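Asker: Dropping a structure here in structure tokens format, bear with me for questions.
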Amino acid sequence: KMTQQMRDLQLVQARKPPGPSSPNAAKRLYRNLSGKFRVNYTSFDEGSLVGRGEKEKLRKSYLFQSNAALFEAVELQDLDRVQELLKHYSPEELDLNTPNSEGLLPLDIAIMTNNAPIARALLQAGAKESPHFVSLESRSLHLSTLVREAEQRVNELMAQVVNEAPNADCSEKEKQLKAWEWRFRLYKRMKAGFEHARVPDAPSSVQLSVASSSSLQVTFWEPLSVNSAVVTKYKVEWSCSPTFLPLLGEAVIDKLKELHFTIQGLVSGTAYHVRVSAYNMKGWGPPQASVPPFAIPSNWREYDGREPRRRGQAEALDHLLGQVKTVHQHCICHEPCKNQPQSRKHSVSKSLKHLFHPGSKFLKTLKRGLYLTAIFYKDDNILVTHEDQIPVVEIDDTYSCLLMQDFLWFTKVSCMWDEILWLRQCVTVSQSSCSCILQTRFKMLLAISQMQGLLGIQDLGQVFFEPIKDKQGNILIVTLKEVKTNQTFESVRWVPICKLQSSRKSVSSPEEPTALDTLLISVQDKLAYHQQSSHALSPGLYLGYLKLCSAVDQIRVLVPERLPNILCHVKIRSNPNISREEWEWLQKMARVEEPVPTEPEADTSQNPLFQELQVAIKELMTLMNIPLQEAKDFRLYSQEVLDFGDQVSFLLLLPPSDDVCTAPGQNNPYTPRSGFLTLPLQIFELGEER
């Protein structure tokens, strides 16, 4: 007779029908899912459905089938099928944490049959254990009841099969008997798994680090032995006392994709002890103390009370720009633009309707001069005119000024695409001075406005780090922008890049290509640069290498091609914070002018940062093709940690003083491996800001 607890459980779960009752049924159901049911129900033509109610019924039918298939796949210990279902359906669609009619969840079956791979897959998808198992006794009673009822059902069916004459009903009874015999064996295996399991061992390792002046990061690893039961959650505890009395706080982690936890809201300068314990269906195991045994929340800035370098700078610059605009607001040069919003709207509309007609200002060929081209791309397609030309406008056909100064000024203007009209009107006042520089820059603003008007787009994207020049005297400034939305342009079309390259007929010789031909040949490289320069580093502490080289008109910085907006670097660790104690150690090294650490010493071998720096320096030296023995002449920059937001920070490794910046004509003593380039310092700074 079923206990009161089981009767209540059955009533609660009565709304959910049981899944298939045999392995064969599970296989048939999964085959159906593989074909007919493994479809997003929203892809059906809604017009073919009688109404919203029928559509909802169809949806629920698919989801019920997928839920039943998941239970059967777990019972059959079919890892591939479980992973396939978790891939195609969300936890909500699978009803991943809703018990079936037996009061079990998929995770319950996986852990009680000790199927660790399936249990881990379910845990990473967000699966939980049944809330009905509030104690060991309740779980044991529940399993005993399932075994007893399955055994009773097997005996009943066996008696019916033996006593009845062979007929259609008897054949059906034999199928039911086989199904219940299989389920009886499953429940017995689950019960035996539970009875033989023990609480898990302590986590194999617990690492404690300082995450900020008010938080600690705890990273832990699975126990070496789980004692025949999968670990389903962990508990992190912290206290100011090594005995953990009193306990200041605890947190239970049941999302096990990543085994780490950040303890927030701690007091700076206070020592905290931390320990972690693991849990399985038999209960909590013994705790494992952290290494080091305690940590003190702090930040390197507390060493000398230093404020963040960039605090308030963005606000101050915005305020300064606002003041400049206010001063020029009533200037006579702004009178013609009082009704500008309407005229701009009309201009944009007109440009979209008449884009690329014979009166267009886009150029097909280049004469000797300075030009602007805008590359808009989406996937493997590029935006071109009807003549299959990349949009180009003229800046100056008599250009004779200093290119690098004007180019760097242009890159700064690219940060203010929406302010071009205002900038143009401000420069207009001064152009009467006949300065070559002012005239050129005014023409640059005119060309930008022309490109914006013809395309109907304000944001022309990012400027490529160097202009394209040819032997005919043409100079091409290139901007790049990725179009991620399904944006359409009237009178313009997208063309595959490969088709554009193959169909264009070159008007120059291979020995002396024009700037346009050079652009078309190298367009993939430029798109790769643009995409890579927008990538962000993952959170962590990095070791950067600062190497400069100077020319007549600029200073360039060495960067990796795969991430040109960041210095050459290697990752030290995932925790970006440098604690006060770690910074004190770095300052001590700097004061005694010790060489960069490459070999362990007795008094520092237990310092985690020392060990991490050793590994990082060796890796960076190998990356930069610098002999490791030369590291004794390199220095760590000890004035500050370079913080890029809250998640990324840098320590800088500097070459010897004479080699930080290579002068013109001076040979670089170390030649980096392939995969590096040098950017103008101002371009690098703009890319870093982006």
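Asker: Can residue 91 be described as open to solvent by 30 Å² or more (accessible area, probe 1.4 Å), at pLDDT 90 or above and under 25 Å from residue 195 (Cβ atoms)?
Answerer: In short, no.
Asker: Identify all residues within the range 226-253 that are in contact with a Leu (Cβ under 8 Å, 6 or more places away or on another chain) and not β-branched (Val, Ile, Thr); write none if there are none.
Answerer: 233, 234, 237, 238, 239, 240, listed by residue number.
Asker: Could you please find all residues in the range 65-77 being open to solvent by less than 40 Å² (accessible area, probe 1.4 Å) and of a type outside the set (Ser, Thr, Tyr)?
Answerer: Once the filter is applied, which keeps residues that are open to solvent by less than 40 Å² (accessible area, probe 1.4 Å) and of a type outside the set (Ser, Thr, Tyr), the range 65-77 yields 67, 68, 69, 70, 71, 72, 73, 74, 75.
Asker: Here are some residues: 267, 274, 324. Which one is among the aliphatic types (A, V, I, L, M) and crowded, with 20+ Cβ neighbours inside 10 Å?
Answerer: Working: 267 fails: crowded, with 20+ Cβ neighbours inside 10 Å; 324 fails: crowded, with 20+ Cβ neighbours inside 10 Å.
Testing whether each residue is among the aliphatic types (A, V, I, L, M) and crowded, with 20+ Cβ neighbours inside 10 Å leaves just 274.
Asker: Checking the conditions here, which among 196, 142 is open to solvent by less than 40 Å² (accessible area, probe 1.4 Å), under 30 Å from residue 232 (Cα atoms), under 52 Å from the mean Cα position of the chain (by Cα) and in contact (Cβ under 8 Å) with a residue 24 or more places away in the chain?
Answerer: Values: 196 fails: open to solvent by less than 40 Å² (accessible area, probe 1.4 Å).
Going through 196, 142 in turn, just one is open to solvent by less than 40 Å² (accessible area, probe 1.4 Å), under 30 Å from residue 232 (Cα atoms), under 52 Å from the mean Cα position of the chain (by Cα) and in contact (Cβ under 8 Å) with a residue 24 or more places away in the chain: 142.
Asker: Looking at the range 261-307, which of the residues that are among the polar types (S, T, N, Q) and not in a loop (DSSP other than H, G, I, E, B) is nearest to residue 574 (Cα to Cα)?
Answerer: This residue is 262.
Asker: Only one residue in 514, 479, 488 is at pLDDT below 90, surrounded by 20 or more Cβ atoms within 10 Å (Cβ to Cβ) and among the β-branched types (Val, Ile, Thr). Which one?
Answerer: So the residue among 514, 479, 488 that is at pLDDT below 90, surrounded by 20 or more Cβ atoms within 10 Å (Cβ to Cβ) and among the β-branched types (Val, Ile, Thr) is 514.
Asker: Separate question: Please work out which residue is nearest to the chain's Cα centre (by Cα), limiting yourself to the range 96-107 and to residues that are free of Cβ contacts under 8 Å to residues at least 60 places away in the same chain and surrounded by 20 or more Cβ atoms within 10 Å (Cβ to Cβ).
Answerer: Our first condition is that a residue be free of Cβ contacts under 8 Å to residues at least 60 places away in the same chain; within the range 96-107, this holds for 96-97, 104-106.
Subsequent filtering for residues that are surrounded by 20 or more Cβ atoms within 10 Å (Cβ to Cβ) retains 96, 104-106.
Values: 96: 26, 104: 36, 105: 32, 106: 30 Å.
Taking the candidates together, the pick is 96.
Asker: Starting from residues that are open to solvent by 10 Å² or more (accessible area, probe 1.4 Å) and among the hydrophobic types (A, V, I, L, M, F, W, C), keep the ones in the range 108-122 and report whichever is nearest to residue 180 (Cα to Cα).
Answerer: The extreme case among them is 116.
Asker: Moving on to the next point. Is it the case that the range 229-242 has a residue that's surrounded by 15 or more Cβ atoms within 10 Å (Cβ to Cβ), in a strand (DSSP E or B) and aromatic (Phe, Trp, Tyr)?
Answerer: yes
Asker: Mind checking which residues of the range 552-582 are in contact with a strand residue (DSSP E or B) (Cβ under 9 Å, 6 or more places away or on another chain), over 17 Å from residue 650 (Cα atoms) and part of a loop (DSSP other than H, G, I, E, B)?
Answerer: Once the filter is applied, which keeps residues that are in contact with a strand residue (DSSP E or B) (Cβ under 9 Å, 6 or more places away or on another chain), over 17 Å from residue 650 (Cα atoms) and part of a loop (DSSP other than H, G, I, E, B), the range 552-582 yields 554, 561.
Asker: I've got another one for you. Among the helices (runs of 4 or more DSSP H) contained in the range 379-490, which hold 3 or more residues that are within 36 Å of the chain's Cα centre (by Cα)?
Answerer: 403-413, 436-455
Asker: While we're here: When the range 455-470 is examined, which residues are found to be farther than 17 Å from residue 522 by Cα and open to solvent by 60 Å² or more (accessible area, probe 1.4 Å)?
Answerer: So in the range 455-470, the residues farther than 17 Å from residue 522 by Cα come out as 455-461.
Residue satisfying the conditions is 459 alone.
The values are calculated or read from the model by the stated rules, or taken from the named source; none is laboratory data. The shown structure was predicted, so the numbers you read here are calculated from the model rather than taken from an experiment. Every residue, glycine among them, receives a Cβ derived from its backbone with ideal geometry; neighbour counts consider all protein chains shown. Accessible surface areas use protein heavy atoms only, side chains included; no ligands, DNA or RNA. Shrake-Rupley method; radii C 1.70, N 1.55, O 1.52, S 1.80 Å.
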